[in-house]
Amino acid sequence: MEAQPKAVQLAHEAADTAKVSFEAFFAAEWARVVSAVMLLTGSKQEAEDIAQGAFLRLLERWDTLDHEADVEGYLFRTALNDYRSLYRRMKLTAKRVLAPGRAETDPFEQIAERDRAVRMLLALTPRQREAMVLTGIEGFDYQQAGALLGVKESTVRSLVAQARARLDKETDTPDE
Amino acid sequence: MNEQDVLDRAKRAAMSVVHSDDAFEGLLRRHDRKRRNKRIAAGVVGIAVFVAAVWTVTSGGAFDRTETPAVPGGSETGPAGSNCVVTRCTQTGPTPPAGTAPQTGYLIDLNTGETTQLPKSIAGCCYAVSPDGKMVAYISLDDAGMGQLFIARLDGTDVQQVTHAQRWAGGAPFDWSPDGAAIAYTSGDEDLFNIFVLDLATGETSQVTNEKPPGAGYPQFSPDGASIVYEVGRGGDLDVRIVPVTGGKSVPLVGGAHMGTLSPDGSTLAVACSGRLEGICIAHADGTNLRVLVSGPSLFGPKWSPDGTRIAYGDQADGPTGNKVFVMDVATGGTTFVADGFVDDWLDDHTLLIEAVAR
């Protein structure tokens with residue numbers, strides 16, 4: 001895994017000193033979680049909703065949480081479970097369809113329209129995209145990603161290899 | 001642009017639109033809302049227990065189950081201040097918010113290509129056609145912004161809100177029982193969903209599944225109406241199971257699959273495979289002999305035509321917001337592109353109900 005994110009350092013430090021403020025943890029980690037989920041869903045609104053739900057659950061357990069444990073893993077696991085919940089996605093879908101007036105234009109969808117890199121990533125299968133975002137962008141190793149996704153390490157390796165092959169093939173074609 | 005460039009650029013693009021300005025305040029507001037709702041729910045339960053205890057003492061005996069309850073519908077109670085039977089709420093209950101959503105649902109005749117928009121009075125999402133082809137069930141939002149189940153005639157008349165739950169009761173899809181007397185649907189909150197069956201005549205609901213989080217969804221009646229095929233989340237993946245409509249012990253059908261539905265003659269199960277196999281798969285009704293019918297990791301939502309000769313399905317190959325509808329001939333395996341959007345249901349053997357929206 002790459003250099004520890006600030007939020008993880010904060011969580012680890014909390015084990016030695018007073019408990020880290022949840023607000024500080026949130027400030028350090030919010031953008032990272034939202035952007036990661038955004039690359040899975042293709043929607044900023046949906047990503048913010050999922051990330052908020054994950055942080056909410058973390059907040060509810062913050063006082064009793066073992067801050068030496070894998071707080072970051074808990075957060076990502078919760079967000080991923082939410083993302084993978086078909087029922088929740090149906091709910092969001094219905095809300096989007098039924099109350100479009102309440103929803104502002106999603107800026108990430110607009111970026112996806114014009115940014116080839118985002119479009120290429122979103123065109124991977126959901127499982128390949130999850131594996132790539134966790135290992136290639138968020139810096140989790142294969143074992144950690146496997147634990148987060150509830151699959152074997154070898155499955156993550158296979159998904160990443162498939163995704164890389166597909167991205168390599170796409171990048172061989174000239175930019176639009 | 002190499003592969004790592006793609007990832008770096010995508011991450012930068014995502015980070016560029018994330019703002020943290022009032023995110024923490026938003027989280028605290030949601031936290032407060034959740035705590036308030038829990039307190040209210042606890043209060044309601046407490047009052048109900050107290051009233052029941054007083055009633056039991058003053059009436060001197062156990063509940064008479066033959067008596068009509070004051071608020072039919074079990075846990076799916078009527079709107080506040082009313083005691084209406086849910087199927088009679090059209091005139092006496094709150095006005096459904098129909099017409100507030102864009103009307104994106106339409107019928108398409110596969111023989112002629114002719115399309116017909118659904119009436120604006122039944123604007124909503126995620127339609128399911130009744131067995132006689134005269135009614136549709138769909139989701140619309142109630143005044144609290146919660147998804148509720150509505151039914152109406154296909155011509156847009158006789159709109160009825162049939163669930164009034166204090167939680168989300170419009171988890172699509174849902175399914176009409178073969179005799180048209182009941183609807184199986186998904187209800188729950190963001191932590192846990194389960195399958196319920198609503199008796200349209202009495203308004204009573206019964207819980208069919210009792211799964212652990214994230215729970216169950218996508219209920220589909222067996223052709224004899226005695227069982228419900230559904231999907232359940234397990235360890236980050238989904239499995240398809242079957243359970244008696246009266247509840248009880250469920251039986252696994254296919255692992256690593258979702259959106260299961262039995263053919264009209266009950267002999268064949270169609271699922272979206274997402275495990276070892278990927279695509280639209282079929283199997284014997286007991287889940288054995290699983291095989292891919294159309295291969296592809298982005299295929300989902302198989303729907304049998306009433307005569308069982310064709311399966312409509314969706315393809316999300318263009319990313320999470322792009323969806324296409326295809327129809328496959330089960331005998332030949334030949335597929336035909338129908339339209340962009342989502343396939344909701346078959347009206348008859350040659351007519352599909354489609355939503356032209358990105359979900």
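The values are calculated or read from the model by the stated rules, or taken from the named source; none is laboratory data. Given the structure is predicted, the values throughout are model-derived calculations rather than measurements. Neighbour counts run over all protein chains shown; Cβ positions are idealised from the backbone, glycine included. Areas reflect the complete protein model, heavy atoms only, side chains present, ligands, DNA and RNA absent. Shrake-Rupley method; radii C 1.70, N 1.55, O 1.52, S 1.80 Å.
Assorted remarks:
- Within region A:42-74, the set of residues being open to solvent by 10 Å² or more (accessible area, probe 1.4 Å) and of a type in the set (Ser, Thr, Tyr) comprises A:THR64, A:TYR74.
- Of the numbered criteria (1) open to solvent by less than 60 Å² (accessible area, probe 1.4 Å); (2) modelled with pLDDT under 90, the one B:SER130 fails is (2).
- Matching entry among B:THR288, B:THR261, B:THR202 (being closer than 28 Å to B:ALA331 by Cβ, modelled with pLDDT of 90 or more and surrounded by fewer than 18 Cβ atoms within 10 Å (Cβ to Cβ)): B:THR288
- Hits in region A:163-176 - residues which are crowded, with 19+ Cβ neighbours inside 10 Å and either more than 10 Å from chain B (Cβ to nearest Cβ) or small (Gly, Ala, Ser) (or both): A:ALA163
- The set of residues from region A:48-63 being facing chain B (nearest Cβ under 8 Å) and under 21 Å from B:LYS11 (Cα atoms) comprises A:GLU48, A:GLN52, A:PHE55.
Here is a yes/no grid of residues against (1) assigned to a strand (DSSP E or B); (2) modelled with pLDDT of 85 or more; (3) in contact with a Cys (Cβ under 6 Å, 6 or more places away or on another chain):
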site	(1), (2), (3)
B:ALA144	no, no, no
B:ALA152	yes, yes, no
B:THR163	no, yes, no
B:GLY170	yes, no, no
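- Qualifying residue in region A:94-105 (condition: modelled with pLDDT of 85 or more and over 26 Å from B:GLY256 (Cβ atoms)): no
- In region B:286-300, the count of residues that are touching an Asp or Glu at 6+ places or on another chain (Cβ under 6 Å) and touching a residue at least 40 places away in the same chain (Cβ under 8 Å) is zero.
- Scanning region B:1-36 for residues that are open to solvent by less than 40 Å² (accessible area, probe 1.4 Å), of a type in the set (A, V, I, L, M) and within 16 Å of A:VAL133 (Cα to Cα) yields a count of 5.
- Every residue from region A:138-162 that is buried (at least 18 other Cβ atoms within 10 Å of the Cβ), within 10 Å of chain B (Cβ to nearest Cβ) and closer than 17 Å to B:LEU7 by Cβ: A:GLU138
- Residues of region A:116-137 that are touching a strand residue (DSSP E or B) at 6+ places or on another chain (Cβ under 9 Å), open to solvent by 20 Å² or more (accessible area, probe 1.4 Å) and either without any contact (Cβ under 8 Å) to a residue 24 or more places away in the chain or not in a helix (DSSP H, G or I) (or both): none at all.
- Restricted to region B:264-275, and to residues there that are assigned to a strand (DSSP E or B) and not hydroxyl-bearing (Ser, Thr, Tyr), the residue that is surrounded by the most Cβ atoms within 10 Å (Cβ to Cβ) is B:VAL271.
- Scanning region B:210-250 for residues that are without any contact (Cβ under 8 Å) to a residue 12 or more places away in the chain and more than 14 Å from chain A (Cβ to nearest Cβ), we see that the one that is nearest to A:LEU149 (Cα to Cα) is B:LYS249.
- Looking only at region B:192-209, residues that are under 19 Å from B:MET259 (Cβ atoms), within 13 Å of chain A (Cβ to nearest Cβ) and outside any strand (DSSP E or B) come to 1 in all.
- When the criteria are applied in full, B:PHE342 fails the requirement of being modelled with pLDDT of 90 or more and either open to solvent by 40 Å² or more (accessible area, probe 1.4 Å) or among the hydrophobic types (A, V, I, L, M, F, W, C) (or both).
- Scan of region B:278-308 for residues that are part of a loop (DSSP other than H, G, I, E, B) and under 24 Å from the mean Cα position of the chain (by Cα), ordered by number: B:ALA285, B:ASP286, B:GLY287, B:GLY296, B:PRO297, B:SER298, B:SER305, B:PRO306, B:ASP307, B:GLY308
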